[in-house]
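Undergrad: A single structure is presented below for examination.
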Amino acid sequence: MKQDSINIKPKYITKINKIEGLSPIERENLTKVTDKFQFRSNEYYLSLINFEDPKDPIRRIIIPDLDELTDWGTLDASHEGLYTKAPGLQHKYTPTALLLVNDICGGFCRFCFRKRLFIGGNEEVVRDISGGLEYIRKHPEITNVLLTGGDPLLLSTAKLEKVIKQVREIDHVKIIRIGTKMPAFYPMRITQDPSLLEMIKKYSTKDKRIYMMLHFNHPRELTPEAVSSLNMLRSAGALTVNQTPMIRGVNDDPETLAELFRALSFVGVPPYYIFQCRPVVGNEMYAVKVEQAFDVFEEAKSLVSGLAKRARYTMSHETGKIEVVGKRGGYTYFKYHQAVNRDDFNRLIVCESNPNAYWFDDYEPISDADKWVHDTAVGINTDSVD
């Protein structure tokens with residue numbers, strides 16, 4: 001069964017004035033936002049919104065807000081451009097390469113950290129990935145390739161299979177990851193396309209798996225249709241994990257985040273990462289301060305079982321994936337979970353608390369942190385540490 005089903009194509013809505021749940025005044029005002037940042041959704045995902053509730057979390061994920069026009073952040077907060085090694089390919093961490101295979105998504109999350117890809121004139125995503133594939137072939141240390149963008153599942157199954165087939169032909173690549181929010185945005189992309197499931201079954205083998213890197217931000221996105229799509233993906237041989245930023249007004253309270261963790265674990269999807277919202281243009285209204293976010297994260301974990309608390313709270317900083325590991329006595333502790341510089345890997349960083357910090361750059365690390373940790377452990381007074 002090699003054809004792509006017509007039924008998998010939803011009716012996409014790209015004009016804010018077509019959203020029936022908004023008042024005429026809201027539609028008019030929000031065009032100021034969509035003139036700067038694109039809007040895109042579909043009837044299925046919009047049906048999850050209670051438009052009578054102005055604080056509805058699904059609305060907050062997908063419907064523009066005038067506060068996005070606040071002057072804050074940069075377009076590439078993690079400086080991904082520094083790690084572009086070939087057209088459409090990023091290589092930041094030794095074992096993992098990213099192929100940007102698409103510059104469109106099933107919907108545009110308002111807090112997207114790559115919204116620069118959806119602004120006219122961007123050339124980071126390419127249709128010809130041959131240069132990226134050649135780079136991967138020449139770097140045997142790359143064992144994982146993440147297909148991202150944009151959302152790879154917006155490609156037709158035939159086009160996606162062409163990419164996956166070429167990656168699979170590189171022997172040292174053992175894992176292919178597909179970053180996707182389609183099980184949340186439009187699960188019928190999976191449930192109504194047998195050819196997609198057949199393709200996954202073909203290329204997710206017993207010793208070279210395909211991982212679906214899912215993006216469920218709120219428990220209400222886990223509808224019966226979404227859960228069915230997850231079951232089908234796993235039955236086809238894919239492994240599923242979930243990652244989400246912490247988003248103000250969506251999942252930044254312990255009960256909601258705990259419910260997301262629980263709901264994911266109940267359907268067999270391990271929580272993988274909770275990310276600090278990157279300081280990207282337009283994202284201030286969605287960002288939660290680092291220490292507040294970490295408190296929410298820790299309290300949420302206290303409410304769930306061990307299988308539901310496997311996520312790490314991290315920042316995708318330009319120097320590496322920095323995990324927030326603790327707070328105590330006026331200090332905040334970070335650790336490089338992954339690093340560009342191998343000397344930084346697993347390094348503990350101690351910083352004086354900064355309740356107003358939104359990003360790692362807002363902190364001042366203590367010099368000689370290793371000595372500080374040792375002296376603290378043995379009870380030496382550290383008040384005079386620089």
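The values are calculated or read from the model by the stated rules, or taken from the named source; none is laboratory data. This one's a predicted model, so the numbers in the text were calculated from it and none came from an experiment. Note that we place each Cβ from the backbone using ideal geometry, even for glycine, and neighbour counts take in every protein chain shown.
Undergrad: Hey, can you tell me all the residues within region 174-203 that are buried (at least 20 other Cβ atoms within 10 Å of the Cβ), over 27 Å from ILE62 (Cβ atoms) and within 22 Å of the chain's Cα centre (by Cα)?
TA: ILE176
Undergrad: Read through the list (1) in contact (Cβ under 8 Å) with a residue 40 or more places away in the chain; (2) touching a helix residue (DSSP H, G or I) at 6+ places or on another chain (Cβ under 6 Å), then give the number of the only condition that LYS208 fails.
TA: Unmet condition: (2).
Undergrad: Further question: Has region 13-28 got at least one residue that is surrounded by 17 or more Cβ atoms within 10 Å (Cβ to Cβ), assigned by TED's automatic domain parsing to the domain that holds GLN243 and not in a loop (DSSP other than H, G, I, E, B)?
TA: Looking for residues that are surrounded by 17 or more Cβ atoms within 10 Å (Cβ to Cβ), assigned by TED's automatic domain parsing to the domain that holds GLN243 and not in a loop (DSSP other than H, G, I, E, B), one finds none in region 13-28, hence no.
Undergrad: Kindly provide the set of residues from region 341-357 that are touching an Asp or Glu at 6+ places or on another chain (Cβ under 8 Å) and not charged (D, E, K, R), ordered by number. Talk me through it step by step, then tell me what you get.
TA: Restricting attention to region 341-357, the residues satisfying the condition of being touching an Asp or Glu at 6+ places or on another chain (Cβ under 8 Å) are 348, 351-357.
Once the filter is applied, which keeps residues that are touching an Asp or Glu at 6+ places or on another chain (Cβ under 8 Å) and not charged (D, E, K, R), region 341-357 yields LEU348, CYS351, SER353, ASN354, PRO355, ASN356, ALA357.
Undergrad: Right, another one. Condition check: in contact with a strand residue (DSSP E or B) (Cβ under 9 Å, 6 or more places away or on another chain) and either closer than 16 Å to TYR44 by Cβ or not hydrophobic (A, V, I, L, M, F, W, C) (or both). Does GLN243 satisfy that?
TA: On the way: in contact with a strand residue (DSSP E or B) (Cβ under 9 Å, 6 or more places away or on another chain): yes; either closer than 16 Å to TYR44 by Cβ or not hydrophobic (A, V, I, L, M, F, W, C) (or both): yes.
Here the answer is yes, as GLN243 does meet what is asked.
Undergrad: Consider only pairs whose beta carbons are under 6 Å apart and that are at least six residues apart or on different chains; among these, list those whose first residue lies in region 233-256 and is assigned by TED's automatic domain parsing to the domain that holds GLU198 and within 18 Å of PHE297 (Cα to Cα) and whose second residue is of a type in the set (Asp, Glu) and part of a loop (DSSP other than H, G, I, E, B).
TA: Here the result reads MET246/ASP252, each pair linking region 233-256 to a residue that is of a type in the set (Asp, Glu) and part of a loop (DSSP other than H, G, I, E, B).
Undergrad: Confirm whether ASN356 is at pLDDT 95 or above and either out of contact with any Pro (no Cβ under 8 Å at 6 or more places or on another chain) or assigned to a strand (DSSP E or B) (or both). Write out each step before concluding.
TA: Details: at pLDDT 95 or above: yes; either out of contact with any Pro (no Cβ under 8 Å at 6 or more places or on another chain) or assigned to a strand (DSSP E or B) (or both): yes.
Taking the combined requirement at face value, the residue satisfies it.
Undergrad: Among the residues of region 70-90 satisfying the criterion of being within 17 Å of the chain's Cα centre (by Cα) and not in a loop (DSSP other than H, G, I, E, B), which is surrounded by the fewest Cβ atoms within 10 Å (Cβ to Cβ)? Steps first, please.
TA: Taking region 70-90 and keeping what is within 17 Å of the chain's Cα centre (by Cα), we get 75-80, 90.
Within this subset, residues satisfying the condition of being not in a loop (DSSP other than H, G, I, E, B) are 80, 90.
Numbers: GLU80: 18, GLN90: 21.
Applying the filter and picking the extreme gives GLU80.
Undergrad: When you check LYS208 against the structure, is it in contact with an Asp or Glu (Cβ under 9 Å, 6 or more places away or on another chain) and surrounded by fewer than 17 Cβ atoms within 10 Å (Cβ to Cβ), yes or no?
TA: Working: in contact with an Asp or Glu (Cβ under 9 Å, 6 or more places away or on another chain): no; surrounded by fewer than 17 Cβ atoms within 10 Å (Cβ to Cβ): yes.
Here the answer is no, as LYS208 does not meet what is asked.
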